[in-house]
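The structure appears right after this line, and notes come after that.
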Amino acid sequence: MAPNNIEESIKNKLEQRTIQPSADAWTKLESRLDATDKNYKNKTFFWIGLAASIVGILLIASQFFNEVPLEKHTPVLVVTPEVIEQNNHTEVAVEKSNVEELINGQENSTDAIQTAQVAAKTTGTSEIKPEAIVALTNDVEIANNSFQEQEAPPVELQAQNLSFEEQQIQQVIAQVRILKDHDKTISDADLEALLAQAQQDIIQEKLYRKNTGIVDARTLLQDVEDDLDRTFRDKVFEALKANFNFVKTAVAQRND
Amino acid sequence: MKPLLKVIQLYKNENTLLEKAIKSNREAQHVLFEMHAPKMLSVCRYYIKDLQNAEEVMLNGFFKVFSNLKGFRAEGSFEGWIRRIMVRECISFLRQQKHIEFPMEDVDFKDGSANNIQSDIDVAQIQQLIDTLPEGYKMVFVMYAVEGYKHHEIADMLNITEGTSKSQLFKARNLLQQRINELNKTSYGTK
C-alpha cells in the first residue's frame, strides 16, 4: 500500500503544476498552421481547376458532336426532286408523304423550308442537274400556271385537304419539275430565292388568313421584330465600319 | 448549484470554441491553446528534461490537435484527448533522441524498507527525482502512476512486453523510494 501512498502524493503534486509557455509559443504555432492552410487551399484550387477544365472539355466535345445531326437532313431534300422524274399521278401522293416527313421532322413547316435552304447550301455545288431546276422567277410563274393547268384536277383534289404550307411546298416542287422538263439549269441563289419566296408567302398567310380575314397579332409582331433585328444589326455593322475607318484614318494621320 | 452552472457554462463555451476551431478560426484556436497549453507543457516536462525541448514537443502536439480536430469524438474529455496526443509526441521525441533503455538489473537499492515515510518534498524535487531515473523506469512510472495507463497499454505504446512494463515499474518505485529516503535523511540531518 505504501508505494501507492507515495505515488498518490507524487501524482497529486505533479498534476497541480502548470508551466507557462514562452511568449512566442503561439506565434510559432500560428505560422505553422497558416502555412498548412495555404497549402491546403492551393491543393483545393488545383483540383477545382482540374475539374472545371474537364467539364469545359466535355461541353465543347458535346457541342461538336451535336452539329452532326444537321447533315442528316440533307438527303431528305435531295431525294424528293428525284421523285419528280416520274410523271405520274402517284407522284403527288409520294411527294405529300415526303412533305409530311419534312413537316413532322420539324416543329413547323417554316423550319422545313429553312432546313431545305440550308441543305441546298450545304450540298455545296449546284450539281442538281439530274433533278429539275428553275431558270428564272418569271419563267417559273409561267411554268407554274402551265403546270397547274396540266395537273389541275389531281392537285385541286389534294389541295383541299392540304394546309397552306403544304401547298407552298408542292408549288416549289412543281416548279422544280417544270424546270426539269425544260431542262434548264439554275444557280443555288435562284433556288434560295424560290424557297425564300415560299417562306415569305407562308409567313404572310399566317399573318393574315384570307379565309377568315383575321390578322395574327403575335406572328405580326414576331415578323416585325425579325425585320427590326435585321435592320438594327445592319445599322450597327455600318456604324462600326464607319467609325473604324474614321479611327484608322485618324491614327494614320497622327502617325504622320 | 453555482459550480455546476459554471461547469455547464465552460462546457458550452468549449464546444463553441471547438466548432470554430474546426473551421480554422485562429482566435478560437488561440483561446483553446491558452486554456490547455500550460497543463500540456507540464505533462511534456514529465518525460523531457529540457524545457525548450518540452515546449517544442508541446507545440508539435498542438499542431496535430488542430490539424485533426475533426477526428475528436465527444466521448471523452477534450483535455484527455489532447493529453494522449502529447504523450505519443513525447515518446516519439525520446525515441528520436536515443534508444529508450529498460535496464533489467536493479539500480542501487540500498534501503528500500522505509516505505511508510510520507515525504514533504515539493514538486520541483519530485521532478528532479524523476529526471534522475533511467529512461525506461521513468517512462513506465509516469505513464502508470501519473497518467493512469494500464500495463498492456504501456507495452503497446513503448513496444515492450507487459512483463517488462511491470518489472520496470517495480524497479522505478524502489529507486524513487530510495532517493526520497536519502533526501529525507539529508533534510533531517541538517536540522
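Data table
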quantity	calculated
Peptide-level mean, for A:18-24, of C-beta atoms on other protein chains within 10 Å	6
Average other protein chain Cβ within 10 Å of Cβ, residues B:35-46	4
Net charge of neighbours whose Cβ lies under 14 Å from the Cβ of A:Phe45, counting Lys and Arg as +1 and Asp and Glu as -1	+2
Counted charge near B:Arg26, where neighbours are those whose Cβ lies closer than 9 Å (Asp, Glu -1; Lys, Arg +1)	-3
Listed residue pairs exceeding 22 Å between alpha carbons, taken from A:Lys41/B:Lys20; A:Lys38/B:Lys39; B:Lys64/B:Lys171	A:Lys38/B:Lys39; B:Lys64/B:Lys171
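Values quoted throughout were computed directly from the atomic coordinates according to the rules given, and no laboratory measurement underlies them. Everything quoted here is computed from the prediction, not taken from an experiment. Backbone-built Cβ (ideal geometry, glycine too); neighbour counts: all protein chains shown.
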